[in-house]
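Chemist: There's a structure below that I have some questions on.
The values are calculated or read from the model by the stated rules, or taken from the named source; none is laboratory data. Bear in mind the structure is a predicted one, so any value in this text is a computation, not a measurement. As a convention, Cβ positions derive from the backbone with ideal geometry for all residues, glycine included, and neighbour counts pool all protein chains shown. In case anyone asks, the SASA skips ligands and DNA or RNA and just uses the protein heavy atoms, side chains included. Shrake-Rupley method; radii C 1.70, N 1.55, O 1.52, S 1.80 Å.
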Amino acid sequence: MFFAGLDIGSTITKVVIKNEKKICATVIKPTGAEHRRLAHKVMEDALSKAGVPFEDVDYIIATGYGRINVPFADRQVTEITCHMRGVNWLFPAVKTIIDIGGQDSKGIKVENGKLVNFIMNDKCAAGTGRFLEIIAGVLGVKLEEIGELSLKSTRPSDISNMCTVFAEQEALLRLSEGTPVEDILAGIHKANASRIHSMVKKIKIEPEVAITGGGAKNRGLCKALEEKVGFPVVVPPEPLITGALGAALIAGEQIAKIDKEELQERQKKRRLEAVTFFDDESTKAR
Amino acid sequence: MEKKEFKTKKSAKTLQTAREAGYFGKKMLTSALEAQKEGRPIGWSMVTWWEGDLIAKAMGMELVYPENYGAFCAAVRRAEPYLEIADAEGYPNTLCGYARNCIGYTKTLADNNLEVPADAPGGGLAKPVLLISSGAACDARYKWFQALGRYLNGVPVWTLEMPQTGLKEFYLPGNKEKNLAFILEELKEFVGFLEKLLGNKMDYDRLEEMLAQTLKTLRLAYEVDVLRKTVPSPMVSQDFWSVMIPHLYLPEDPEAYEFYQKVYDEVKTKVDNHIGAIPNERYRMMFSELPPWHSIGFFDDIAEKFGIAMVIESWNYHAIKPMPAEELEGVTDPLEVIARLSYHKFTEDNDTARRYDASPGFFNARYLQWAEDYRADGFLAHPLMSCRPATYTLLHTKNSLEEKLKVPGVVIDGDIIDLRVFNPDEAFSKMEAFVETMDHYRELRRKAEMAW
Ligand code: SF4
């Protein structure tokens, strides 16, 4: 039996295809307006990577920001639940998950695989990947390099502002004062970590702690967060796929609850087509 | 797969009486417009928890309530233009949504030579001769009506204070008496001021009549609250936020009392026949504190999808628990009865607060008591960027409920008026995840052998 999880995030789409024993394939692709609509292409990639025909997939769960109206998904589940399940499968001892996405960040508490509490920052760029993206642009450094660069700092500069707009101005000011870029970046990572930490603290941080999402790929941010949290944190080998993995795991459980005939009926109805949530005109690539 | 449609306008409401309650909102607005035609005085009043409005009404004033008007404008999706006017006038978007809506409206009134604009929602608020503000609750309430006065050619503003001592101080010897004496003194001053402003004397018989009616209405509204403890819940927040209008704004009106008899009967019939407000009640939640008036339909969505019944809500809008008989024994001055009534609103939960070792009584301990009484599975905290009093206790209450009663909470940011800060998709997502959290805590309560 095969089951799939599809996580359509604000910046990246991820697919995990699993069977009862193992992960058969994972695919991670950027999400733009057009790509988000074309999530079925990412699914096709994953299916061909796994060598599994679409018709053989028994259950598909969509999660993430763009999960609505995926014509080939059997069900949608919130990303909070999916992240929790994915991390719990990878690290059963983890009690606190800090997920740093492109547009939001979350704190999730888990106990014996159950969702105990969660908190989200979905209103403000501070404490999200977007914050770092803006600062990287201002400093002229590639986003994927800022973490490593910040680790070279010996004197992190003080960035007192949490607001993205003001932090951007502050970074520029430090630059004009001649502060080395790595020190500014270290300060920025500290400020971002501080923002995330104070949000997650509201649901009480308990060890073990896992960091997931795009932010977990930034070693500078993980280090700054680890310092704030006060104990070591774990990072999954591929921190971007925990949501899709959780979705695939839940899909696997769903199969057990559905009889064979219904499964076949569902499979017949599924269409591996473009997501219809976004209207064609406004999302066409130009 | 079906596209998810959010009901972004009005809620369906489950009670017939709730569907009829809009009559009272309209009645207030039209009565004031009629009074204007007849040359009778009109006042704009904040919710004063009966401190000021009964007195003004007994003096012959017709009152309208800008806070209620703000909720109305938001519910019919007509608040945005007023918010934009307030923005353009330089008021920050962190200022109370009711205040910004009202300032926006008042600017249109001032620009129209103080004639109510023909296209004003619900007929508009007629021009006042007095603004009655209240120090109870928040700082915005002191300044908002002062600002209004400037648009209204210097219409006077009278602010009524409400002493709000801390829990410990409340139990200090003599504290309550001093507070009551303070309120009584200022009510007397208010009467003196009104007599001068309106050129007539206070009709104390009329005030007593109004007060007696008010106490009757409040008691009946409270009895409806008691009925709501039943499982399944016979009435939900979507209903309450409509039926509250008469007891909050027109408790002295015999029609309000008659209305509550109908509400009571309808709810009682449901209780007797075990009929839930929503057909599939699976989770019972409490809501704190001020609702997103523009998106009440959201609660219908989560009821339909997850079986969530919002069983109790918004402490500040509820009728008081009846005062103990000894509280009014030998009290003959109606002004003192009013003082005791309003003071009771803010102190009635102090004993509960002591019992739970939680503070303040209102906004916090009340929800602990409610969680037990209403067998709550969860708490929906709705922080408002624009209202500190209805926000500052929310996380504290959420934590207290989790720690003391194993009732979890979820935080959904929004605003009473400004729909630009409410994200229904995100809110729906959070609720979907929160259902699992409620399941988990239900299991914890079961293991701890709690009553629900
Ligand atoms: S308490 Fe909140 S809603 Fe009421 S007037 Fe103050 S800021 Fe506005």
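Chemist: Taking chain A as the reference, fit the longest principal axis to its C-alpha atoms, fit the long axis of helix A:219-229 to the helix C-alpha atoms, and give the angle between the two in degrees, 0 to 90, nearest 10.
Modeler: Approximately 80 degrees, to the nearest ten.
Chemist: What residues have an amide H closer than 5 Å to that of A:ASN117, excluding those fewer than 5 places away on the same chain, when H is modeled at 1.01 Å from N in the peptide plane?
Modeler: Here the answer is A:LYS109, since their amide H atoms fall under 5 Å of that of A:ASN117.
Chemist: Rank these by accessible area, largest first, 1.4 Å probe: B:LYS201, B:LYS345. Before the final figure, lay out each step's value.
Modeler: Numbers: B:LYS201 155, B:LYS345 0 Å².
Result of the area sort, largest leading: B:LYS201, B:LYS345.
Chemist: Across peptide A:78-86, how many C-beta atoms of other chains are within 10 Å of each residue C-beta, on average?
Modeler: Values: counts 9, 3, 7, 6, 1, 1, 2, 0, 0.
Taking all residues of A:78-86 together, the mean is 3.
Chemist: Taking only DSSP H segments of four or more residues, each worth -39500 (n - 2.57), what value at 222 nm results for chain B once the sum is divided by all its residues, to the nearest 500 deg cm²/dmol?
Modeler: Numbers: 19 runs with 237 residues, N = 452.
Only helices count here, giving -16500 deg cm²/dmol.
Chemist: From the C-alpha coordinates alone, can you work out the Kirkwood hydrodynamic radius of segment B:11-138, in Å? Numbers along the way, then the final one.
Modeler: Working: mean 1/r = 0.0651 Å⁻¹.
Across segment B:11-138, the inverse of the average 1/r is 15.4 Å.
Chemist: Can I ask one more? State the antiparallel share, in %, of DSSP beta bridges confined to the protein assembly as shown, rounding to the nearest 5.
Modeler: Roughly 40 percent of the beta bridges in the protein assembly as shown run antiparallel, per DSSP.
Chemist: Still on this structure: Based on the Cβ-Cβ distance of B:ARG445 and A:TRP89, what FRET efficiency does E = 1/(1 + (r/R0)^6) give at R0 = 25 Å, to the nearest 0.05?
Modeler: 0.35
Chemist: Which trypsin sites (Lys or Arg not before Pro) does segment B:56-145 hold that lie in a coil by DSSP with at most 15 other beta carbons within 10 Å?
Modeler: On the way: sites: B:LYS57, B:ARG77, B:ARG78, B:ARG100, B:LYS107, B:ARG141, B:LYS143; in loops: B:ARG77, B:ARG78.
Those that pass, being in a loop and sparsely packed, are B:ARG77.
Chemist: Still on this structure, I have one more. How many percent of the accessible area of segment B:280-365 is carbon or sulfur, using a 1.4 Å probe? Present the calculation step by step, with values, prior to reporting the outcome.
Modeler: Working: 1180 of 2510 Å².
Taking all protein chains in place, segment B:280-365 shows 47 percent carbon and sulfur surface.
Chemist: Now, a different point. What do you get for the angle between helix B:175-198 and the principal long axis of chain B? Use alpha-carbon atoms, 0 to 90 degrees, nearest ten.
Modeler: 40
Chemist: Right, here's the next one. Taking GluC sites (Glu not before Pro) as candidate sites, keep only those in a DSSP loop with at most 12 other Cβ atoms within 10 Å, then name the longest stretch of chain A containing none of them.
Modeler: Numbers: sites that count: A:GLU20, A:GLU177, A:GLU273.
The longest such stretch corresponds to A:21-176.
Chemist: What is the pair-distance distribution P(r) of chain A, computed from all Cα-Cα distances in 5 Å bins starting at 0, with each bin given as a whole percent?
Modeler: Each 5 Å bin holds this share of Cα pairs: 1, 6, 13, 16, 16, 14, 13, 10, 6, 3, 2, 1, 0, 0.
Chemist: Calculate how large, on average over all directions, the projected area of the Cα convex hull of segment B:265-386 is; give the answer in nm² to one decimal. Mind dumping the intermediate values first?
Modeler: Numbers: hull surface 41.5 nm².
Computing the convex hull of the Cα atoms and averaging its projections yields 10.4 nm².
Chemist: How large a share of the accessible area of segment A:102-200, in percent, is made up of carbon and sulfur atoms when the probe is 1.4 Å and the other protein chains stay in place?
Modeler: Numbers: 2190 of 4350 Å².
So the carbon and sulfur contribution to the accessible surface is 50 percent.
Chemist: Can you list the HN-Hα couplings for segment B:61-75, worked out from phi with the Karplus curve (6.51, -1.76, 1.60; θ = phi - 60°), rounded to whole Hz and with x for Gly and Pro?
Modeler: These are the phi-based 3J(HN,Hα) values: 8, 9, 10, 10, 10, x, 5, 5, 5, x, 4, 5, 4, 5, 5 Hz.
Chemist: Okay, next question. Solvent-accessible area of A:CYS24, probe 1.4 Å, all protein chains present, reported in Å² to the nearest ten, please.
Modeler: The accessible area comes out at roughly 30 Å².
Chemist: Report, in cubic angstrom per residue, the convex hull volume of the C-alpha atoms of segment B:118-234.
Modeler: On the way: hull volume 24.8 nm³, N = 117.
Hull volume over Cα atoms, normalised by residue count, gives 212 Å³.
Chemist: Now a separate question. What list of ³J(HN,Hα) couplings, whole Hz, do you get for segment A:88-95 from phi and the Karplus terms 6.51, -1.76, 1.60, once you set θ to phi - 60° and write x for glycine and proline?
Modeler: Values, residue by residue: 4, 5, 6, 9, x, 7, 5, 10 Hz.
Chemist: Using protein chains only and a probe of 1.4 angstrom, how many square angstrom of B:ILE278 are accessible, to the nearest 10?
Modeler: B:ILE278 has an accessible surface of roughly 10 Å² with all protein chains in place.
Chemist: Please give me, ordered by residue number, the chymotrypsin sites (Phe, Trp or Tyr not before Pro) of segment B:384-428 that lie in loop per DSSP and have at most 16 other Cβ atoms within 10 Å. Walk me through the numbers before you get to the answer.
Modeler: On the way: sites: B:TYR392, B:PHE422, B:PHE428; in loops: B:TYR392, B:PHE422.
Filter output for segment B:384-428: B:TYR392.
Chemist: What translational D, rounded to a whole number of µm²/s, comes out for segment A:93-234 from Stokes-Einstein when the hydrodynamic radius is the Kirkwood one over Cα pairs, at 25 °C and 0.890 mPa s? Intermediate results must be reported in sequence, preceding the final value.
Modeler: Values: Rh = 14.9 Å.
Roughly 164 µm²/s, to the nearest whole number.
Chemist: While we're here: Quick one: which residues, 5 or more positions from B:ASP253 or on another chain, have an amide H under 5 Å from its amide H? H modelled 1.01 Å from N in the peptide plane, none for Pro or chain starts.
Modeler: Long-range HN contacts for B:ASP253: none found.
Chemist: Using the Cα gyration tensor of segment A:216-271, with a ≥ b ≥ c the square roots of its eigenvalues, what is the shape: rounded (a/c below 1.5), prolate (a/b larger than b/c) or oblate (neither)? Mind dumping the intermediate values first?
Modeler: Values: a/c = 6.46, a/b = 3.38, b/c = 1.91.
Prolate is the answer for segment A:216-271, as a/c is 1.5 or above and a/b outweighs b/c.
Chemist: Measuring with a 1.4 Å probe in the full set of protein chains, what accessible area per residue, in whole Å², belongs to the protein assembly as shown?
Modeler: On the way: 29800 Å² over 738 residues.
Roughly 40 Å² per residue, with all protein chains present.
Chemist: Let me ask something additional. Two decimals, Cα atoms only, Kirkwood Rh: what is Rg/Rh over segment B:16-447? Each step should come with its number before you reach the end.
Modeler: Numbers: Rg = 21.2 Å, Rh = 22.3 Å.
My calculation puts Rg/Rh at 0.95.
Chemist: For chain A, what is the mean residue ellipticity at 222 nm derived from helices alone (per DSSP H run of n ≥ 4: -39500 (n - 2.57); sum divided by total residues; nearest 500 deg cm²/dmol)? Before the final figure, lay out each step's value.
Modeler: Details: 11 runs with 119 residues, N = 286.
Computed mean residue ellipticity for chain A: -12500 deg cm²/dmol.
Chemist: Roughly how much of B:LYS270 is accessible, in Å² to the nearest 10, using a 1.4 Å probe?
Modeler: Around 30 Å² of this residue is reachable by solvent.
Chemist: In vacuum, with every alpha carbon of the protein assembly as shown counted as one equal point scatterer, what does the Debye formula give for log10 I(q)/I(0) at q = 0.07, 0.10 Å⁻¹? Two decimals, please.
Modeler: -0.57, -1.07
Chemist: If you don't mind, there's one more thing I want to ask. Mind checking how much accessible area A and B bury in total, 1.4 Å probe, in Å² rounded to 100? Present the calculation step by step, with values, prior to reporting the outcome.
Modeler: Numbers: alone 13450 and 18410 Å², together 29800 Å².
Rounded to the nearest hundred, the buried surface is 2100 Å².
Chemist: If you don't mind, there's one more thing I want to ask. Using θ = phi - 60° and the Karplus form 6.51 cos²θ - 1.76 cosθ + 1.60, what ³J(HN,Hα) does each residue of segment B:159-172 get, whole Hz, x for Gly and Pro?
Modeler: The phi angles translate into 9, 9, 8, 9, x, 10, 6, x, 4, 4, 5, 4, 8, 5 Hz.
Chemist: For segment A:1-74, which trypsin sites (Lys or Arg not before Pro) are both in a DSSP coil and crowded by at most 12 other Cβ atoms within 10 Å?
Modeler: Details: sites: A:LYS14, A:LYS18, A:LYS21, A:LYS22, A:ARG36, A:ARG37, A:LYS41, A:LYS49, A:ARG67; in loops: A:LYS21, A:LYS22, A:ARG67.
Sites meeting the loop and neighbour criteria: A:LYS21, A:LYS22.
Chemist: Moving to a separate point now. Helix B:334-347: angle to the longest alpha-carbon principal axis of chain B, degrees 0 to 90, nearest 10?
Modeler: For helix B:334-347, the angle is close to 30 degrees.
Chemist: What residues have an amide H closer than 5 Å to that of B:PHE379, excluding those fewer than 5 places away on the same chain, when H is modeled at 1.01 Å from N in the peptide plane?
Modeler: Answer set, sorted by chain and number: B:MET286, B:GLY409, B:VAL410.
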